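Coordinate-derived values only; no laboratory data. This is a predicted model, so every value here is computed, not measured. No Cβ is skipped: glycine too gets one built from the backbone with ideal geometry, and neighbour counts run over all protein chains shown.
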Amino acid sequence: MTPSETPTTAPSLIVTKLRILHTCLNVSDLDRSIKFYTAHLGLRLTNRHEIKQNNAEIAFLNDESGGAIELTHWRDKKILNEGDNFDHIAFGVHDVVGAVERLKAQGVVIAMEPFSLQGATSKIAFIMDPDGNWLELIQTP
């Protein structure tokens, strides 16, 4: 299929409504990165918290339209090499368990089965695209 033959709308294979929630970047200094994205790009810090089970701290920054980035500081990772900064893109789905079952049946690589982080109420899972990029599925209302 050539680019001109690529369909503009794909059939809904996992959910009826899928929306991009955020893109995650790994950072070496969370405070410095938050300052950069707020002071220079006008994003607003909306949430910052520890993920103890991963030895990480994350921060979410939003633009005026609600678009978001997640900044992740992995405490065990002292050096970020070029190319290590992209982490994942997150998609909201209504039923993460059902989405993973359908994707698995279609041969999609499931990187992490559905689970909840400690203290969280939502379920998440990770799949991989054909190039090995991680895609997060977050169950949303």
*Between the helical axis of 96-105 and the dominant principal axis of the chain, each derived from Cα atoms, what acute angle in degrees is found, rounded to the nearest 10?*
50
_Alpha-carbon spread of the range 19-84, three principal axes, descending order, Å_ = 33, 24, 20
*Once both axes come from the Cα atoms, what is the angle between helix 30-39 and the longest principal axis of the chain, in degrees from 0 to 90, rounded to 10?*
80
*Go from 0 up to the bin containing the longest alpha carbon distance in the range 11-141, width 10 Å each, and give me the % of pairs per bin.*
12, 40, 35, 13, 1
*For K52, list the lysines whose Cα falls under 18 Å from its own Cα; do not include residues on the same chain fewer than 8 positions away.*
K77, K78, K123
*State the three equivalent ellipsoid semi-axes of the range 89-141, derived from the C-alpha gyration tensor as the square roots of 5 times its eigenvalues, in descending order and whole Å.*
18, 12, 9
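In the range 45-92, which GluC sites (Glu not before Pro) fall in coil by DSSP and have 11 or fewer other Cβ atoms within 10 Å?
Details: sites: E50, E57, E64, E70, E82; in loops: E64, E82.
Passing sites in the range 45-92 are E64, E82.
Of the DSSP beta bridges with both residues in the chain, give the percent that are antiparallel, rounding to the nearest 5. Spell out each step's value before the answer.
Numbers: 29 of 39 bridges.
Restricted to the chain, the bridges split so that about 75 percent are antiparallel.
Per residue of the chain, what 222 nm ellipticity follows from adding -39500 (n - 2.57) for every DSSP H run with n ≥ 4, rounded to the nearest 500? Kindly include the intermediate steps, with their values, before the conclusion.
On the way: 2 runs with 20 residues, N = 141.
Helix contribution divided over all residues of the chain: -4000 deg cm²/dmol.
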